[in-house]
Amino acid sequence: MKHLKVIFYALIILFSACKNKEKEVVTQVEKQDRLPNIIFIYADDLGYGDTSAYGGIGLETPNIDKLANGGIRFTRGYASSATCTPSRYALLTGTYPWRNKDAKILPGTAPLLIDTTQATIPKMLKSKGYHTGIVGKWHLGLGSGHVNWNERITPGPNEVGFDYSFIMAATQDRVPTVYIKNGNVVNLDPNDPLEVDYDHNFDHQPTGLDNPELIRMKWHHGHNNTIVNGIPRIGFMKGGESAKWKDETMAQTFLTEAQNFVKREKDHPFFLYYAMRQPHVPRTPSPEFVGKSGMGPRGDVILEADWCVGQFLKTLEDEGLLDNTLIVYSSDNGPVLNDGYYDDAVEKLGDHKPAGPLRGGKYSLFEAGTRVPFMTYWKGKIQPAISNALVSQIDLFSSLADLVGSDETVPDSQDLLDVFLGKSNEGRKNLVVEATSRTAFKQGDWVLIPPYKGSPLNKEVNIETGNSKKFQLYNLNQDIGEQKNLAESNPEKLQEMITAFEAIRGK
Ligand code: NG6
Ligand code: CA
């Protein structure tokens with residue numbers, strides 16, 4: 001009897017040990033099979049030459065460089081547009097922005113630009129079980145015509161695929177200067193309602209134009225409406241005092257939100273779109289970064305952004321997430337120095353070249369408008385390399401769909417997953433880029449800019465627009481700075497480019 005009892009207990013112990021073993025195996029398999037987390041870190045107006053990884057002079061960006069040098073650094077990675085709204089629209093929908101006539105720089109009161117029935121990356125990932133979030137700059141419109149900022153603002157990010165959103169509505173230089181969390185203005189006092197208008201001032205509200213004595217950052221062009229925190233903005237705003245953001249703590253606020261999101265969501269696959277506001281105007285570094293670059297606030301906020309990337313990567317590392325997370329780093333458009341405020345960006349630039357060797361900048365059809373820092377990083381999975389493949393941010397939709405096993409497709413987005421993971425160098429054959437409602441065409445090493453009316457120079461920002469009465473044809477392989485127009489000397493190539501361009505863009 002005693003023996004039987006011993007055998008019985010021994011069996012029970014053996015059985016439960018087996019069960020535990022089984023559980024261990026299952027968890028390991030689950031871990032291996034788990035879809036990777038996906039993170040976009042998106043800068044605002046960061047140029048091709050603004051990081052040390054891309055040869056930037058006089059600015060050290062060790063954390064962004066870690067992504068560039070530890071992953072694939074693309075030398076021909078493009079934003080879809082030379083301005084923010086169209087690029088962000090294309091990034092999330094995988095659709096060329098020039099197909100949507102409303103995809104232009106939007107005021108803070110514009111309605112939601114993405115149709116709620118349209119395919120988006122976060123929706124596609126959600127269908128595969130991802131938890132999705134956006135932290136930072138939105139600038140894709142909110143609501144459906146008239147927004148009451150004192151009620152839940154909808155539709156917005158939550159209606160186009162994001163489970164969680166903590167955003168600024170438009171840009172740091174546009175009202176409303178408040179954070180919006182899942183559709184609600186953060187810290188809003190119902191007794192001090194928030195009102196926003198882009199056409200008319202509210203009674204007795206000071207403005208940058210009329211009250212220079214209240215200003216701590218002088219406006220150069222535009223930016224002379226309502227003053228918030230001593231900075232004159234675009235658009236008029238009244239009330240909402242307790243909800244107004246502090247410009248100097250915005251970097252930390254977004255960083256903390258991004259860190260909290262990954263800590264919260266780490267137990268299942270997640271997608272985070274971390275849309276940083278640097279180095280867009282107004283450039284307001286936190287006190288630790290003031291004067292750090294020697295280049296004035298523009299350089300200082302680039303260093304601050306780099307620090308944020310470092311802190312964010314540290315969180316991913318501490319949480320044990322780096323091995324299973326694909327990070328895509330890029331910028332929404334090329335660089336600009338004076339974008340409407342006097343902030344020493346021009347005066348203190350020194351030898352730094354925000355566009356590197358490229359011509360133009362933000363708003364421009366030349367290369368620097370859309371060719372931006374672009375890298376993919378996945379610890380242990382992507383081998384460090386430099387890729388010269390032609391890739392665009394619109395390709396992320398189809399490439400990520402492939403990665404997660406979704407068969408959803410959108411016409412303009414090409415599946416370049418192997419290129420993004422460093423297994424292939426076969427990028428796109430060609431690409432249409434947009435800049436302030438004009439388009440240009442790249443195919444192989446060649447660039448075609450069709451004739452456009454309008455000034456060849458945007459005098460306010462001192463950037464060449466790309467406008468010319470004549471066709472422009474450049475060969476980037478021999479002439480990365482687009483100095484030698486070959487349209488007349490190579491009519492066959494010109495015709496070949498025009499035909500290929502029209503086949504995509506229409507006549
Ligand atoms: C322009 C603003 C510029 C910037 C830009 C949007 C003026 C004169 N200029 O209209 O300062 O806000 O819009 O930048 O108002 S973007 O990166 O969001 O596209
Ligand atoms: Ca931008």
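Quick notes on this one:
- Residues VAL447, VAL301, sorted so that the one with the fewest Cβ neighbours within 10 Å comes first: VAL447, VAL301
- By the beta-carbon count within 10 Å of each Cβ, the least crowded to most crowded order of ILE215, ILE121, fewest first, is ILE215, ILE121.
- Placing +1 on the Cβ of every Lys and Arg and -1 on the Cβ of every Asp and Glu, with nothing else charged, gives region 243-307 a dipole about its Cα centre of roughly 120 debye.
- Counting only residues at least eight positions apart within a chain, or on another chain, the lysines with an alpha carbon under 24 Å from that of LYS238 are LYS137, LYS181, LYS218, LYS246.
- ³J(HN,Hα) computed for each position of region 214-225 - Karplus, 6.51 cos²θ - 1.76 cosθ + 1.60, integer Hz, glycine/proline x: 9, 9, 10, 10, 6, 8, 9, 8, x, 6, 10, 9
- In region 214-361, taking the dipole from charged Cβ atoms about the Cα centre, the farthest positive-side position among PRO357, THR315, VAL328 is held by PRO357.
- Scanning residues 5 or more positions from HIS131 or on other chains, those with amide H under 5 Å from its amide H are PHE270, PHE271, with H placed 1.01 Å from N in the peptide plane.
- Charge dipole (Cα centre; +1 on Lys/Arg Cβ, -1 on Asp/Glu Cβ; no other charges) of the chain amounts to roughly 1060 debye.
- Directionally averaged projected area (region 68-155, Cα convex hull): 7.8 nm².
- Förster radius 30 Å - calculated FRET efficiency between ASN485 and HIS221 (Cβ-Cβ, nearest 0.05): 0.50
- For region 485-500, 3J(HN,Hα) per residue [Karplus equation, 6.51 cos²θ - 1.76 cosθ + 1.60, θ = phi - 60°, Hz, x = Gly/Pro]: 6, 9, 4, 7, 7, 9, x, 5, 4, 4, 5, 4, 5, 4, 4, 5
- Each residue of region 109-125 was assigned a 3J(HN,Hα) from its phi angle through the Karplus expression (A = 6.51, B = -1.76, C = 1.60, θ = phi - 60°), giving 9, 5, x, 3, 7, 8, 5, 5, 9, 6, 6, 9, 4, x, 5, 4, 5 Hz with x at Gly and Pro.
- Virtual paramagnetic centre 7 Å along Cα→Cβ of HIS204, amide N under 17 Å, in region 218-259: 227, 237-241
- DSSP assigns beta bridges within the chain; of those with both partners inside it, close to 55 percent run antiparallel.
- 32 Å Cα-Cα threshold exceeded, pairs from LYS66/LYS507; LYS381/LYS507; LYS101/LYS126: LYS66/LYS507; LYS381/LYS507
- Projecting the Cα atoms of ILE480, VAL196, GLY161 onto the charge dipole of the chain (Cβ charges, centred on the Cα centre) puts GLY161 farthest toward the positive pole.
- Stretch gain in nm, segment ASN211-GLU248, where the contour uses 0.36 nm per residue and the Cα spacing is subtracted: 11.1 nm
- Residues ASP343, ASP199 arranged by fewest to most Cβ contacts within 10 Å: ASP199, ASP343
- Whole-number D in µm² s⁻¹ for the chain, Kirkwood Cα-pair radius fed into Stokes-Einstein, 10 °C, 1.306 mPa s: 66 µm²/s
- Selected from LEU214, MET250, ASN37, residue furthest toward positive end of dipole (the chain; charges at beta carbon): ASN37
- Distance between the pseudo-spin-label points of ASN260 and VAL290 (7 Å out from Cα toward the beta carbon): 2.7 nm.
- Taking the C-alpha atoms only, the angle from helix 250-265 to the longest principal axis of the chain is near 30 degrees.
- Degrees separating the helix 84-93 axis from the principal Cα axis of the chain, which is the longest one: 30 degrees
Each value in this text was obtained by applying a stated rule to the coordinates, not by laboratory testing. Note that the structure is a prediction, hence the values are computed from the model and not measured. Because the Cβ atoms are built from the backbone with ideal geometry, glycine has one as well, and the counts that use them run over all protein chains shown.
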